[in-house]
Amino acid sequence: MSEFHLPEIRAALLSAERVVILTGAGLSAESGIPTFRDSRNGLWRNVDPMKVASLQGFLKNPDEVWRWHDDLRKMLATAKPNHGHECIAQLQQLLPGQLQVLTQNIDGLHQIAGSSEVLELHGSLSRICCGNECGFSSTWDDAAPRLCPECGRQTRPSVVWFGESLDEKVFAQAKRACLRADVLIVAGTSGVVQPAAGLAHLAKTAGAMTVEVNLTETPFSRLADHSIRASSSEFLLSLGAALRKPNLH
Ligand code: NAD
């Protein structure tokens with residue numbers, strides 16, 4: 001367990017006033033959801049992301065974009081939270097009011113595991129919204145309308161596509177959380193998707209103790225105070241157990 005730097009991380013968490021956990025596709029990989037970039041089963045393996053996950057692609061061929069997202073939505077609907085999501089929800093209970101979850105994932109698994117106040121930086125596949133940003137938003141089910149019932153323009157999946165900006169309010173809240181964090185844990189993200197990747201750097205620059213857990217090295221690994229090569233669920237399970245002990249020795 002010592003390779004997980006648990007005594008130092010546990011001590012920092014127990015004295016922290018504010019903690020942020022930033023998660024990416026790697027956290028959900030153990031729920032059977034492929035990441036984007038895995039060369040064996042990644043979601044981009046057989047598809048051009050600019051065709052199915054960009055506004056240009058949507059304007060050119062909306063049916064193809066809807067189909068690709070609908071298939072993904074149906075696959076996500078069968079997925080269940082894994083130990084990583086569950087541990088994060090338990091950490092929120094152990095550190096009441098102190099832990100903010102930021103996720104790049106669009107699968108809703110944090111909420112299903114019991115986490116609250118999750119900031120979804122890239123939106124969610126469980127919703128659709130008006131493509132003309134008139135304010136309409138609704139749950140995505142099989143009867144979800146393709147035309148906005150309020151303004152008549154096209155609806156779209158409520159996710160952030162390549163080249164699009166993040167929701168300003170959500171990103172401002174995320175930045176604020178990172179600027180104020182005493183500890184930041186980054187779990188299962190390649191750290192190459194901007195601007196979300198910049199959040200870890202922001203927290204580090206603002207003085208947070210930073211912990212990264214990933215199966216492989218990332219651009220953030222050298223900067224993090226503790227960079228841990230493990231699966232996110234393995235590390236988070238160990239961390240949860242360490243936090244529950246009266247002391248580690
Ligand atoms: P990514 O695909 O770029 O990188 C995933 C990272 O997770 C890699 O660095 C990989 O080494 C690591 N990883 C894989 N399995 C792991 C495990 N068990 N434990 C720890 N680390 C593991 O994903 P990203 O960095 O999150 O990229 C962001 C984009 O991916 C976002 O736009 C997000 O919407 C999208 N995405 C979301 C989902 C989802 O909602 N589940 C799935 C795929 C992609």
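The values are calculated or read from the model by the stated rules, or taken from the named source; none is laboratory data. Values in this document were obtained by computation on a predicted structure and should not be read as measured data. Quick reminder, even Gly has a Cβ in these numbers, built from the backbone with ideal geometry, and neighbours come from all protein chains shown. These area figures cover heavy atoms from the full protein model, side chains too; ligands, DNA and RNA do not enter into them. Shrake-Rupley method; radii C 1.70, N 1.55, O 1.52, S 1.80 Å.
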Restricted to the range 210-220 and to residues being part of a loop (DSSP other than H, G, I, E, B) and near the ligand (Cβ under 8 Å from one of its atoms), the residue surrounded by the most Cβ atoms within 10 Å (Cβ to Cβ) is Thr218
May I ask you to say which residue of Leu199, Leu223, Leu239 is in a helix (DSSP H, G or I), more than 10 Å from the ligand (Cβ to nearest atom) and closer than 20 Å to Glu3 by Cβ? Leu239
Trp66 meets each of (1) under 19 Å from Val20 (Cα atoms); (2) touching a strand residue (DSSP E or B) at 6+ places or on another chain (Cβ under 8 Å) with one exception, condition (1)
Within the range 151-167, how many residues are surrounded by 13 or more Cβ atoms within 10 Å (Cβ to Cβ) and assigned to a loop (DSSP other than H, G, I, E, B)? 7
For the list (1) touching a helix residue (DSSP H, G or I) at 6+ places or on another chain (Cβ under 7 Å); (2) among the aliphatic types (A, V, I, L, M); (3) within 15 Å of the ligand (Cβ to nearest atom), I need the number of the one condition that Leu99 fails. (3)
Do we have Ser190 as within 9 Å of the ligand (Cβ to nearest atom) and assigned to a loop (DSSP other than H, G, I, E, B) here? yes
Quick check on the range 32-43. Is at least one of its residues part of a helix (DSSP H, G or I) and either open to solvent by 40 Å² or more (accessible area, probe 1.4 Å) or closer than 23 Å to Val213 by Cβ (or both)? no
For the range 70-89, indicate whether the set of residues that are farther than 27 Å from Leu184 by Cβ, of a type outside the set (A, V, I, L, M, F, W, C) and open to solvent by less than 70 Å² (accessible area, probe 1.4 Å) is non-empty. yes
What do you reckon, is Val170 free of Cβ contacts under 8 Å to residues at least 60 places away in the same chain, within 28 Å of Arg73 (Cα to Cα), more than 12 Å from the ligand (Cβ to nearest atom) and not in a loop (DSSP other than H, G, I, E, B)? yes
